[in-house]
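Novice: Sending over a structure as structure tokens; questions will come in a sec.
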Amino acid sequence: MQESGEMYLENILILSRKKPNIRSIDICEHMGYSKPSVSRAVGLLRNGGYILVDHNGYITLTGEGRAIAEKIYERHTLLTEFLVRLGVDEKTAAEDACKIEHNISDASFEAIKNHVRRQTEEQTS
């Protein structure tokens, strides 16, 4: 899956946590993309088996789509938190996390995740 597809899945997940029914227009507004761009992406994601679109145009993640979205979202939130802890301002940290989340290896992400977990445990002890 390409980075752009991961971004769409992540944003569909975020939107689905805010409202029960998601349509293409919601994605356009949330991501700031044009209707044709979102329409094309929705078609590709549907054909790839990552989302379902019902007869009313409501979009839901499939199991595979949700797994990818959850993985990317976890990376985004944890990397943002990690960068903020290092002293990066929140806006820059979120922007940088968005760039890193798609390219970081599973091994490197797990190492950062374990480091953050240990740090959090030390702070709460």
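The values are calculated or read from the model by the stated rules, or taken from the named source; none is laboratory data. A quick note: this is a predicted structure, and the numbers were derived from the prediction, not measured. Heads up, the Cβs are rebuilt from the backbone with ideal geometry, glycines too, and the neighbour counts pull from every protein chain shown. Only protein heavy atoms, including side chains, enter the accessible area calculation; ligands, DNA and RNA are left aside. Shrake-Rupley method; radii C 1.70, N 1.55, O 1.52, S 1.80 Å.
Novice: Tell me, which residue of segment 52-104 that is small (Gly, Ala, Ser), assigned to a helix (DSSP H, G or I) and free of Cβ contacts under 8 Å to residues at least 12 places away in the same chain is nearest to ILE14 (Cα to Cα)?
Specialist: ALA67
Novice: Here's something else I'd like to know. From ASP96, ASP54, which residue is closer than 16 Å to ILE112 by Cα and among the charged types (D, E, K, R)? Spell out the reasoning first.
Specialist: On the way: ASP54 fails: closer than 16 Å to ILE112 by Cα.
The conditions single out ASP96.
Novice: Conditions first: (1) free of Cβ contacts under 8 Å to residues at least 24 places away in the same chain; (2) more than 18 Å from LEU9 (Cβ to Cβ); (3) among the polar types (S, T, N, Q). GLN119 passes all but one, so which condition is the exception?
Specialist: So GLN119 meets the others, but not (1).
Novice: Just to be sure, is THR60 in contact with a strand residue (DSSP E or B) (Cβ under 7 Å, 6 or more places away or on another chain) and surrounded by fewer than 18 Cβ atoms within 10 Å (Cβ to Cβ)?
Specialist: The answer is yes for THR60.
Novice: Quickly run through segment 10-34 and pick out the residues that are in a helix (DSSP H, G or I) and closer than 16 Å to GLY57 by Cβ.
Specialist: ILE12, LEU15, SER16, SER24, ILE25, ASP26, ILE27, CYS28, GLU29, HIS30, listed by residue number.
Novice: Something else about it: Does segment 9-26 include one or more residues that are touching a residue at least 60 places away in the same chain (Cβ under 8 Å) and surrounded by 20 or more Cβ atoms within 10 Å (Cβ to Cβ)?
Specialist: Among the residues of segment 9-26, at least one is touching a residue at least 60 places away in the same chain (Cβ under 8 Å) and surrounded by 20 or more Cβ atoms within 10 Å (Cβ to Cβ), which makes the answer yes.
Novice: Go through segment 84-124 residue by residue and tally those that are surrounded by 15 or more Cβ atoms within 10 Å (Cβ to Cβ), under 20 Å from MET7 (Cα atoms) and of a type outside the set (Asp, Glu).
Specialist: Selection size over segment 84-124: 8.
Novice: Something else now. Sort out which residues of segment 63-82 are of a type outside the set (Lys, Arg) and open to solvent by less than 30 Å² (accessible area, probe 1.4 Å), and write them in order of number.
Specialist: Taking segment 63-82 and keeping what is of a type outside the set (Lys, Arg), we get 63-65, 67-70, 72-74, 76-82.
GLY65, ALA69, ILE72, LEU78, LEU79, THR80 - these are the residues of segment 63-82 that are of a type outside the set (Lys, Arg) and open to solvent by less than 30 Å² (accessible area, probe 1.4 Å).
Novice: On the given criteria, is GLY49 at pLDDT 95 or above, in a helix (DSSP H, G or I), open to solvent by less than 60 Å² (accessible area, probe 1.4 Å) and farther than 28 Å from ASP89 by Cβ?
Specialist: Working: at pLDDT 95 or above: yes; in a helix (DSSP H, G or I): no; open to solvent by less than 60 Å² (accessible area, probe 1.4 Å): yes; farther than 28 Å from ASP89 by Cβ: yes.
Spelling it out, it is not the case that GLY49 is at pLDDT 95 or above, in a helix (DSSP H, G or I), open to solvent by less than 60 Å² (accessible area, probe 1.4 Å) and farther than 28 Å from ASP89 by Cβ.
Novice: Sticking with this structure for a sec: When segment 112-125 is examined, which residues are found to be part of a helix (DSSP H, G or I) and either touching a strand residue (DSSP E or B) at 6+ places or on another chain (Cβ under 7 Å) or over 17 Å from THR77 (Cβ atoms) (or both)?
Specialist: Filtering segment 112-125 down to residues part of a helix (DSSP H, G or I) leaves 112-124.
ARG118, GLU121, GLU122, GLN123, THR124 - these are the residues of segment 112-125 that are part of a helix (DSSP H, G or I) and either touching a strand residue (DSSP E or B) at 6+ places or on another chain (Cβ under 7 Å) or over 17 Å from THR77 (Cβ atoms) (or both).
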